[in-house]
1. Would you work out the relative contact order for the range 45-107, in percent, from Cα pairs under 8 angstrom that are 6 or more residues apart?
2. What aspartates and glutamates could a cross-link reach from LYS101, if we take a straight Cα to Cα line under 12 Å and drop same-chain neighbours fewer than 8 places away?
3. Can you give the net charge of the other residues whose Cβ lies under 12 Å from the Cβ of ASP48, counting K and R as +1 and D and E as -1?
4. Ignoring everything but the protein chains, give the 1.4 Å probe accessible area of LYS78 in square angstrom, nearest 10.
5. Sum up the charges of everything whose Cβ sits under 13 Å from the Cβ of LYS120, counting Lys and Arg as +1 and Asp and Glu as -1, but leave LYS120 out.
6. Pull out the extension gain between SER183 and ASN103, defined as 0.36 nm times the separation in residues minus the alpha carbon to alpha carbon distance; nm, one decimal.
7. Could you list, in their original order, any pairs among LYS78/LYS110; LYS78/LYS114; LYS78/LYS176; LYS106/LYS176; LYS106/LYS170; LYS33/LYS120 whose Cα atoms are separated by more than 18 Å?
8. Mind checking which aspartates and glutamates have their Cα closer than 14 Å to the Cα of LYS119? Skip sequence neighbours fewer than 8 apart in that chain.
Amino acid sequence: MKLIKYLGYLTLLLVINSCSFYSLKGTIPSHIKNVYIQPILNKSSDQDISDLIDDKLNNLLISQNILEIVDYDTADSKIEITILEVSDLPYTLSKGASFEKVNEWKFSVKIRVKWSDYKKGDIVFDLNLNEWGIYGDSLDISNDGIDNDGDGLIDSEDSDENGSPRDTAKLIAANKIAESILSKITSTW
């Protein structure tokens with residue numbers, strides 16, 4: 001009887017102990033410890049967007065402690081990002097007496113991202129992502145009455161809605177791109 005009770009406690013201890021080590025890193029293969037992020041190839045006319053995406057992705061990888069960022073020579077894996085297209089398109093219109101007026105614009109970024117595993121010689125994923133931010137014609141995005149990033153929060157309720165409308169929409173799109181890449185890395189296996 002004591003043996004059965006002892007085995008029960010031991011099993012419970014093993015289950016609790018194994019669950020305590022869970023993290024986002026747990027979904028990445030054990031042989032991939034680090035990543036080289038190749039300089040972003042920008043095929044768009046917007047030169048700022050590549051720096052915004054690069055900064056946000058680096059900061060997320062560092063803050064989430066997912067993969068160490070290293071030089072090409074010591075990397076287990078590599079991320080390649082190509083910005084395919086940036087666009088500002090009318091999002092909502094209002095009809096005037098003789099014309100339609102654009103009330104909101106949608107800043108969109110389309111990228112291709114490829115993650116390669118150097119150790120096994122495989123391409124882990126190769127996909128296109130498209131993210132966006134909305135902005136209006138006000139001078140300050142923090143009082144435009146628009147949910148600029150689709151999170152359900154408007155203006156002073158939302159910490160990432162401040163500054164120049166188009167620049168903030170661009171930053172919102174870059175943040176979404178970096179978060180999508182990080183999500184794809186952590187959910188690959």
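1. 22
2. Correct list for LYS101: ASP137.
3. -3
4. 30
5. -1
6. In short, 25.6 nm is gained.
7. LYS78/LYS110; LYS78/LYS176
8. Partners found: ASP73, ASP76.
The values are calculated or read from the model by the stated rules, or taken from the named source; none is laboratory data. Since we're looking at a predicted model, the values are computed, not measured. Positions of Cβ are generated from backbone atoms using ideal geometry, with glycine treated the same way; all protein chains shown enter the neighbour counts. Areas reflect the complete protein model, heavy atoms only, side chains present, ligands, DNA and RNA absent. Shrake-Rupley method; radii C 1.70, N 1.55, O 1.52, S 1.80 Å.
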